Amino acid sequence: QKEVEQNSGPLSVPEGAIASLNCTYSDRGSQSFFWYRQYSGKSPELIMSIYSNGDKEDGRFTAQLNKASQYVSLLIRDSQPSDSATYLCAVNIKGGKAAGNKLTFGGGTRVLVKP
Amino acid sequence: EAGVTQFPSHSVIEKGQTVTLRCDPISGHDNLYWYRRVMGKEIKFLLHFVKESKQDESGMPNNRFLAERTGGTYSTLKVQPAELEDSGVYFCASSQAGTSGKFHTGELFFGEGSRLTVL
């Protein structure tokens, strides 16, 4: 079992619709959770971070965390063609200030937003 | 403000040769990380510097890989001798230091990566 799992996609959504991405993780001790967006050939860019159960909204993005079920999701509302990218789920398994940011990544979900 | 920069963007070498990748983190970021993505696989952690000290190098594949960060500024990652399985994209990332008593937030800023092809 992979430590962080994502559906590789592609997830095809029409422009204006909601894109829903899911990520599951194996280590119950995981402390913090991140969504990165990566355009082809570019650097991963942090778009959302979430640390406690529930929803966190930032503009058109909403991250949802459920530690009991060990999943984290990302919703993209009013999807735009410019949202077409690979979305990477990353988990910081160790906690504490000495742990640094040894992120464990999922394989990424490719999202295609069609006009 | 300049982001994380990496050089070269692409390197093609033959098996057995040596390659050195360089990373310039965001100015003032004490934490510097190296990650790698091999084709078809997830991005994997290699190591973590805090200033010039190696904090965690548990992800380094073997002793053919040597990372340095002299002076706590830029970092180099040398692969010597390179093997076919070393091909992939090497990402560098940096972040600010966490404050005492607070959990390090994990907000990494990534470079665009150095693509290494070993023939």
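Data table
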item	result
J(HN,Hα) series, the range B:18-35, from Karplus relation 6.51 cos²θ - 1.76 cosθ + 1.60, nearest Hz, glycine and proline x	10, 9, 10, 9, 10, 9, 10, x, 5, 4, x, 7, 6, 8, 9, 10, 10, 10
Which listed pairs, of A:Lys42/B:Lys78; A:Lys2/B:Lys41; A:Lys42/A:Lys114, have C-alpha distances above 18 Å, in listed order	A:Lys42/B:Lys78; A:Lys42/A:Lys114
Where the Cα pairs of chain B fall when distances are cut into 10 Å bins, in %	15, 48, 30, 7, 1
Distance (nanometres) between label positions extended 7 Å along Cα→Cβ at A:Ser20 and B:Glu57	4.6 nm
Base-10 log of normalised Debye intensity for the protein assembly as shown (one unit scatterer per alpha-carbon) at q = 0.10, 0.11 Å⁻¹	-0.46, -0.56
Under the Karplus curve 6.51 cos²θ - 1.76 cosθ + 1.60, θ = phi - 60°, whole-Hz ³J(HN,Hα) for the range B:86-93, x wherever Gly or Pro sits	7, 4, x, 10, 9, 9, 10, 9
Cross-link partners of B:Lys44 among aspartates and glutamates (Cα-Cα below 13 Å; sequence separation of 8 or more within a chain)	A:Glu3, B:Glu57, B:Asp86
Two-site FRET efficiency, A:Asn53 against A:Ser82, from Cβ-Cβ distance with R₀ of 25 Å, rounded to 0.05	0.25
B:Tyr74/B:His10 FRET efficiency (R0 30 Å; Cβ-Cβ; nearest 0.05)	0.95
Distance in nm between pseudo-label sites at B:Ser27 and A:Ser8 (7 Å out along the Cβ direction from Cα)	4.2 nm
Size descriptor, Kirkwood hydrodynamic radius, that averages inverse alpha-carbon separations across chain A, Å	14.2 Å
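Bear in mind these aren't lab numbers, they're just calculated from the coordinates by the rules spelled out. Quick caveat: nothing in here was measured; it's all calculated off a predicted structure. With ideal geometry, Cβ positions are generated from the backbone for all residues, glycine too; neighbour counts draw on all protein chains shown.
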